[in-house]
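Single-structure report; data block below.
The values are calculated or read from the model by the stated rules, or taken from the named source; none is laboratory data. Fair warning: this is a prediction, and the values are worked out from it, not measured in the lab. Positions of Cβ are generated from backbone atoms using ideal geometry, with glycine treated the same way; all protein chains shown enter the neighbour counts.
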Amino acid sequence: MKNEVEQSYFFSHKLEAWLKSKKPKTLTSLDEVFGEKSFAITILLLMFIPSLPLPTGGITHIFEIITVLLALEVLLGLKTIWLPKRWKQMKLAGVIERRAIPMILRRIRWFEKHSSQKFNRIFQLSLFTRLNALVIIVFTAASFLAPPFSGLDTLPALGVVLLCLSVILEDVRVFLLGYITGIAGVAIVVAAGAATINIIHRLI
(Lines give C-alpha, C1' and ligand atoms only; values in the text may rest on other atoms or scores of the structure.)
Protein backbone atom coordinates (compact mmCIF):
# COMPACT_ATOMS: atom_id res chain seq x y z
CA MET A 1 0.00 0.00 0.00
CA LYS A 2 2.79 2.39 0.90
CA ASN A 3 4.58 1.74 -2.40
CA GLU A 4 1.38 2.50 -4.34
CA VAL A 5 0.95 5.83 -2.53
CA GLU A 6 4.58 6.79 -3.10
CA GLN A 7 4.27 5.87 -6.78
CA SER A 8 1.06 7.90 -7.18
CA TYR A 9 2.79 11.03 -5.92
CA PHE A 10 5.83 10.56 -8.11
CA PHE A 11 4.34 12.19 -11.21
CA SER A 12 3.26 15.46 -9.57
CA HIS A 13 6.64 15.84 -7.85
CA LYS A 14 8.49 15.20 -11.10
CA LEU A 15 6.24 17.61 -12.99
CA GLU A 16 6.66 20.31 -10.35
CA ALA A 17 10.43 19.92 -10.50
CA TRP A 18 10.37 20.27 -14.29
CA LEU A 19 8.05 23.30 -14.23
CA LYS A 20 10.15 25.09 -11.61
CA SER A 21 13.54 24.17 -13.06
CA LYS A 22 15.66 26.59 -15.05
CA LYS A 23 15.51 24.34 -18.10
CA PRO A 24 13.64 25.76 -21.11
CA LYS A 25 10.00 24.67 -20.99
CA THR A 26 9.85 23.16 -24.47
CA LEU A 27 8.26 20.02 -25.91
CA THR A 28 11.77 18.62 -26.39
CA SER A 29 12.60 18.88 -22.68
CA LEU A 30 9.27 17.27 -21.79
CA ASP A 31 10.11 14.29 -23.99
CA GLU A 32 13.55 13.97 -22.40
CA VAL A 33 12.26 14.08 -18.82
CA PHE A 34 9.13 11.94 -18.98
CA GLY A 35 10.07 9.26 -21.52
CA GLU A 36 7.39 6.70 -22.36
CA LYS A 37 4.51 8.79 -20.99
CA SER A 38 5.68 11.97 -22.69
CA PHE A 39 2.80 11.82 -25.19
CA ALA A 40 0.15 11.88 -22.44
CA ILE A 41 1.99 14.49 -20.37
CA THR A 42 2.63 16.78 -23.34
CA ILE A 43 -1.01 16.63 -24.46
CA LEU A 44 -2.18 17.22 -20.88
CA LEU A 45 -0.11 20.40 -20.60
CA LEU A 46 -1.12 21.61 -24.06
CA MET A 47 -4.84 21.08 -23.46
CA PHE A 48 -4.90 22.30 -19.87
CA ILE A 49 -4.93 25.90 -21.09
CA PRO A 50 -8.00 25.48 -23.37
CA SER A 51 -9.74 23.66 -20.49
CA LEU A 52 -9.57 26.78 -18.31
CA PRO A 53 -12.32 29.42 -18.46
CA LEU A 54 -9.74 32.09 -19.25
CA PRO A 55 -9.21 34.33 -22.30
CA THR A 56 -6.14 32.96 -24.07
CA GLY A 57 -6.49 34.34 -27.60
CA GLY A 58 -5.41 32.22 -30.57
CA ILE A 59 -2.63 30.38 -28.73
CA THR A 60 -5.02 27.57 -27.80
CA HIS A 61 -5.55 26.74 -31.49
CA ILE A 62 -1.81 26.17 -31.87
CA PHE A 63 -1.86 23.85 -28.86
CA GLU A 64 -4.86 21.97 -30.28
CA ILE A 65 -3.21 21.47 -33.68
CA ILE A 66 -0.11 20.03 -31.99
CA THR A 67 -2.32 17.83 -29.81
CA VAL A 68 -4.07 16.33 -32.86
CA LEU A 69 -0.70 15.62 -34.48
CA LEU A 70 0.59 13.92 -31.32
CA ALA A 71 -2.58 11.84 -30.99
CA LEU A 72 -2.23 10.77 -34.63
CA GLU A 73 1.30 9.59 -33.86
CA VAL A 74 -0.02 7.48 -30.97
CA LEU A 75 -2.74 6.14 -33.27
CA LEU A 76 -0.04 5.09 -35.74
CA GLY A 77 1.93 3.36 -33.00
CA LEU A 78 4.87 5.76 -32.67
CA LYS A 79 6.79 5.41 -29.40
CA THR A 80 8.60 8.77 -29.41
CA ILE A 81 7.34 12.24 -30.21
CA TRP A 82 7.97 13.58 -33.69
CA LEU A 83 7.30 17.24 -34.41
CA PRO A 84 8.84 19.89 -36.65
CA LYS A 85 11.93 21.31 -34.97
CA ARG A 86 10.33 24.73 -34.65
CA TRP A 87 7.38 23.28 -32.74
CA LYS A 88 9.55 21.11 -30.48
CA GLN A 89 11.49 24.21 -29.46
CA MET A 90 8.32 26.24 -28.82
CA LYS A 91 8.38 27.55 -25.27
CA LEU A 92 5.40 26.69 -23.09
CA ALA A 93 6.57 28.90 -20.25
CA GLY A 94 4.51 32.07 -20.70
CA VAL A 95 0.91 30.97 -20.26
CA ILE A 96 1.64 27.73 -18.42
CA GLU A 97 3.95 29.19 -15.77
CA ARG A 98 1.89 32.30 -15.03
CA ARG A 99 -1.60 30.85 -15.07
CA ALA A 100 -1.54 27.10 -14.98
CA ILE A 101 1.19 25.75 -12.67
CA PRO A 102 -0.73 26.11 -9.38
CA MET A 103 -3.96 24.78 -10.92
CA ILE A 104 -2.26 21.87 -12.68
CA LEU A 105 -0.44 20.69 -9.57
CA ARG A 106 -3.43 21.11 -7.24
CA ARG A 107 -5.71 19.13 -9.50
CA ILE A 108 -3.19 16.40 -10.29
CA ARG A 109 -2.40 15.90 -6.60
CA TRP A 110 -6.10 15.63 -5.81
CA PHE A 111 -6.51 12.89 -8.41
CA GLU A 112 -3.31 11.17 -7.28
CA LYS A 113 -4.58 11.10 -3.71
CA HIS A 114 -7.80 9.40 -4.79
CA SER A 115 -6.46 7.27 -7.64
CA SER A 116 -7.01 3.53 -7.90
CA GLN A 117 -4.93 0.92 -9.73
CA LYS A 118 -7.85 -1.48 -10.26
CA PHE A 119 -8.17 -2.80 -13.83
CA ASN A 120 -5.08 -0.80 -14.81
CA ARG A 121 -3.91 -3.57 -17.17
CA ILE A 122 -6.21 -2.13 -19.81
CA PHE A 123 -3.77 0.77 -20.25
CA GLN A 124 -1.12 -1.69 -21.46
CA LEU A 125 -3.27 -2.83 -24.39
CA SER A 126 -2.23 -1.42 -27.76
CA LEU A 127 -5.84 -1.36 -29.04
CA PHE A 128 -6.99 0.63 -26.00
CA THR A 129 -4.14 3.11 -26.44
CA ARG A 130 -5.04 3.71 -30.08
CA LEU A 131 -8.76 4.03 -29.41
CA ASN A 132 -7.96 6.52 -26.67
CA ALA A 133 -5.87 8.52 -29.14
CA LEU A 134 -8.81 8.55 -31.58
CA VAL A 135 -11.15 9.85 -28.88
CA ILE A 136 -8.61 12.56 -28.00
CA ILE A 137 -8.58 13.67 -31.65
CA VAL A 138 -12.39 13.95 -31.67
CA PHE A 139 -12.52 15.92 -28.40
CA THR A 140 -9.68 18.22 -29.49
CA ALA A 141 -11.38 18.88 -32.84
CA ALA A 142 -14.56 19.86 -30.97
CA SER A 143 -12.56 22.24 -28.79
CA PHE A 144 -10.89 23.72 -31.87
CA LEU A 145 -14.21 24.19 -33.72
CA ALA A 146 -16.07 25.72 -30.76
CA PRO A 147 -17.15 29.34 -31.39
CA PRO A 148 -14.44 31.75 -30.16
CA PHE A 149 -14.96 33.44 -26.78
CA SER A 150 -18.00 31.20 -26.14
CA GLY A 151 -16.36 29.04 -23.49
CA LEU A 152 -17.67 25.94 -25.26
CA ASP A 153 -14.14 24.64 -25.85
CA THR A 154 -13.68 24.09 -22.11
CA LEU A 155 -15.48 20.76 -21.68
CA PRO A 156 -13.98 18.91 -24.68
CA ALA A 157 -10.51 20.15 -23.67
CA LEU A 158 -11.11 19.07 -20.08
CA GLY A 159 -12.11 15.65 -21.38
CA VAL A 160 -8.72 15.38 -23.12
CA VAL A 161 -6.89 16.46 -19.96
CA LEU A 162 -8.68 13.79 -17.91
CA LEU A 163 -8.03 11.08 -20.51
CA CYS A 164 -4.31 11.89 -20.46
CA LEU A 165 -4.28 11.97 -16.67
CA SER A 166 -5.93 8.55 -16.64
CA VAL A 167 -3.08 7.21 -18.80
CA ILE A 168 -0.46 8.75 -16.52
CA LEU A 169 -2.09 7.44 -13.32
CA GLU A 170 -3.46 4.28 -14.98
CA ASP A 171 -6.84 4.92 -13.39
CA VAL A 172 -9.96 3.60 -15.18
CA ARG A 173 -12.27 5.87 -13.17
CA VAL A 174 -10.47 8.99 -14.37
CA PHE A 175 -10.70 7.64 -17.92
CA LEU A 176 -14.48 7.22 -17.63
CA LEU A 177 -14.82 10.70 -16.15
CA GLY A 178 -12.79 12.14 -19.03
CA TYR A 179 -14.83 10.23 -21.59
CA ILE A 180 -18.15 11.44 -20.16
CA THR A 181 -16.90 15.04 -19.84
CA GLY A 182 -15.60 15.07 -23.41
CA ILE A 183 -18.78 13.54 -24.85
CA ALA A 184 -20.86 16.17 -23.05
CA GLY A 185 -18.60 18.90 -24.43
CA VAL A 186 -18.85 17.57 -27.99
CA ALA A 187 -22.65 17.36 -27.70
CA ILE A 188 -22.86 20.99 -26.53
CA VAL A 189 -20.56 22.20 -29.34
CA VAL A 190 -22.61 20.31 -31.96
CA ALA A 191 -25.89 21.64 -30.52
CA ALA A 192 -24.54 25.21 -30.48
CA GLY A 193 -23.31 24.85 -34.06
CA ALA A 194 -26.67 23.53 -35.23
CA ALA A 195 -28.50 26.37 -33.47
CA THR A 196 -26.17 28.93 -35.09
CA ILE A 197 -26.75 27.46 -38.55
CA ASN A 198 -30.53 27.56 -38.01
CA ILE A 199 -30.35 31.23 -37.00
CA ILE A 200 -28.29 32.07 -40.09
CA HIS A 201 -30.75 30.25 -42.36
CA ARG A 202 -33.64 32.18 -40.85
CA LEU A 203 -31.87 35.49 -41.35
CA ILE A 204 -31.13 34.62 -44.96
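Key figures
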{"quantity": "Contacts under 8 angstrom Cβ, first residue in region 1-20 being polar (S, T, N, Q), partner at pLDDT 75 or above, 6 or more apart", "calculated": "8/112; 8/113; 8/115; 8/169; 12/105; 12/108; 12/109; 12/112"}
{"quantity": "Residue in region 101-117 that is of a type in the set (Asp, Glu), part of a loop (DSSP other than H, G, I, E, B), surrounded by 17 or more Cβ atoms within 10 Å (Cβ to Cβ) and at pLDDT below 90 present", "calculated": "no"}
{"quantity": "Search result, residues across region 140-171 that are surrounded by fewer than 18 Cβ atoms within 10 Å (Cβ to Cβ) and assigned to a helix (DSSP H, G or I)", "calculated": "141, 145"}
{"quantity": "Residue check for residue 93: over 23 Å from residue 129 (Cβ atoms), more than 14 Å from the chain's Cα centre (by Cα) and modelled with pLDDT of 75 or more", "calculated": "no"}
{"quantity": "Region 60-90: number of residues that are modelled with pLDDT under 80 and exposed (fewer than 13 other Cβ atoms within 10 Å of the Cβ)", "calculated": "2"}
{"quantity": "Residue in region 37-52 that is modelled with the highest pLDDT, counting only those that are of a type in the set (Ser, Thr, Tyr) and in a helix (DSSP H, G or I)", "calculated": "42"}
{"quantity": "Extreme residue, farthest from residue 157 (Cα to Cα), among residues of region 23-47 that are among the basic types (Lys, Arg) and under 17 Å from the mean Cα position of the chain (by Cα)", "calculated": "25"}
